[in-house]
Amino acid sequence: MYIRKNVASLSEQEKRAFVEGLLLLKKEGRYDEYVHWHHAVMKPTVFPFEPRDATYRNGAHRGPAFLPWHREFLMQVEADLRAIDSSISIPYWDWTADSAMPDPATSSIWSEDFMGGNGVEADVWRVATGPFAHTKGNWPIPEHHDGPALRRQFGINLPTLPTTEDLALAMGEIFYDTPNFNNSPFTIGFRNRIEGWVTQRGDRRVKMPGSQLHNRVHVWVGGSMLPMTSPNDPVFFLHHCFIDKVWSDWQELQQEQNSEASPHYAPEEGGPAGHNIEDQLKPWQRTIRQVLDIAQLGYSYEQPTSQPRLLEMAARVRPLSPFMAERSPFMAD
Ligand SMILES: [Cu+2]
């Protein structure tokens, strides 16, 4: 059993080991395979009545498999890192903490000895600081649509990171996912909420316009985090580690409060290919059912001191259900 820590509580030594592991995987060409895995799941997987369009839904996004697919993805990358140095685990980036800072760009995650900082506008948003800066030459990005360098544009495409209040809306959901298991702003459930598709259109309690939660963080970082090749920015793994933590927190909450609905995953069958509970998480071997319990997978999460406050806020959220949705044929979209 090993622990995934909060980025904010990493020691100098732990930061160094993680960065050196990433740089070694990059040098060996292994890292670029991760980017390809993420990019290759673009193949459409749809119901007969849906458009055969890769951006509509694919094996890892805009559907129920979003969380299990990324959980398996992180474990694959983490196993490679731990083969280099068994003390390494992927740390998580709690961006709700950074959203409360006057300037999230000053967060320790972006320090010179860790992820490096923002891109430089005058240099077409190329990252100029830290181990992954293009000037250091250790982080080449092949066939990138805007040239072979890591790019970031903090807050340019969306002004703010998601808050604890935003996260509480996701934690307050009682369904994992509901038909049509897609990314409509009206699709109810934890998965669609945390992935970030439930905007102000689908729920008037949502405070900020635009993409939410997981999606919002990709868009806030900007640059290399925007396209489907987003694992090109190593912060991808820290971001998705937090998404995985939030999912495991939600699972624990459901086990306590809603245990008869176990295993807290949907659909069991009859959903789009790749998204049913017994479906394989391609290109790997495990099925969705096999990655539902992190204790069984051998890891756990360090909890931030803010956790009780989040759970308290989540307990006050009135969950939407498919039968009392804010959607009505009499309402304009
Ligand atoms: Cu993502």
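Quick note: the coordinates plus some simple rules give every number you see, no bench work behind them. Not measured: the values here are computed from a predicted model. Because the Cβ atoms are built from the backbone with ideal geometry, glycine has one as well, and the counts that use them run over all protein chains shown.
Remarks
- Counted over all Cα-Cα pairs of the chain, pairs farther apart than 31 Å make up 29 percent.
- Order of MET115, MET75 - criterion: other Cβ atoms within 10 Å of each residue's Cβ, fewest first: MET75, MET115
- Summarising the label geometry, the points placed 7 Å from Cα in the beta-carbon direction at MET228 and ALA261 lie 3.1 nm from one another.
- Local net charge near ARG57, Cβ-Cβ under 13 Å (Lys/Arg +1, Asp/Glu -1): 0
- Centroid-to-centroid separation of segment 44-97 and segment 108-185 [C-alpha atoms, Å]: 15
- Spin-label model distance (nm) - SER87 vs ALA295, 7 Å beyond Cα toward Cβ: 2.9
- Proxy reagent accessibility, fewest Cβ within 10 Å first, across SER321, SER99: SER321, SER99
- Those lysines that a straight Cα-Cα span of less than 27 Å connects to LYS26, excepting residues fewer than 8 apart in one chain: LYS5, LYS15, LYS43, LYS136, LYS245, LYS282
- Gain upon complete extension [MET208, THR135; 0.36 nm per residue less C-alpha separation]: 22.7 nm
- Extending 7 Å from Cα along the Cβ direction at MET313 and again at PHE49 yields two label points whose distance is 3.7 nm.
- Length available on full extension from GLU252 to ASP103: 0.36 nm per residue minus the Cα-Cα distance, which gives 50.4 nm.
- Two-site FRET efficiency, GLN303 against ARG16, from Cβ-Cβ distance with R₀ of 25 Å, rounded to 0.05: 0.55
- The trypsin sites (Lys or Arg not before Pro) of segment 1-68 meeting both criteria, a DSSP state outside H, G, I, E and B (loop) and at most 11 other C-beta atoms within 10 angstrom of the site's C-beta, are ARG52.
- Cross-link partners for LYS27 among the aspartates and glutamates, with Cα-Cα distance under 17 Å and sequence neighbours closer than 8 places in the same chain left out: GLU78, ASP80, ASP85, GLU143, ASP233.
- Note on segment 1-51: Cα-only Rg and Dmax are 17.7, 53 Å.
- At R0 = 35 Å, FRET efficiency that the Cβ-Cβ distance of THR199 and ASP123 yields, to 0.05: 0.60
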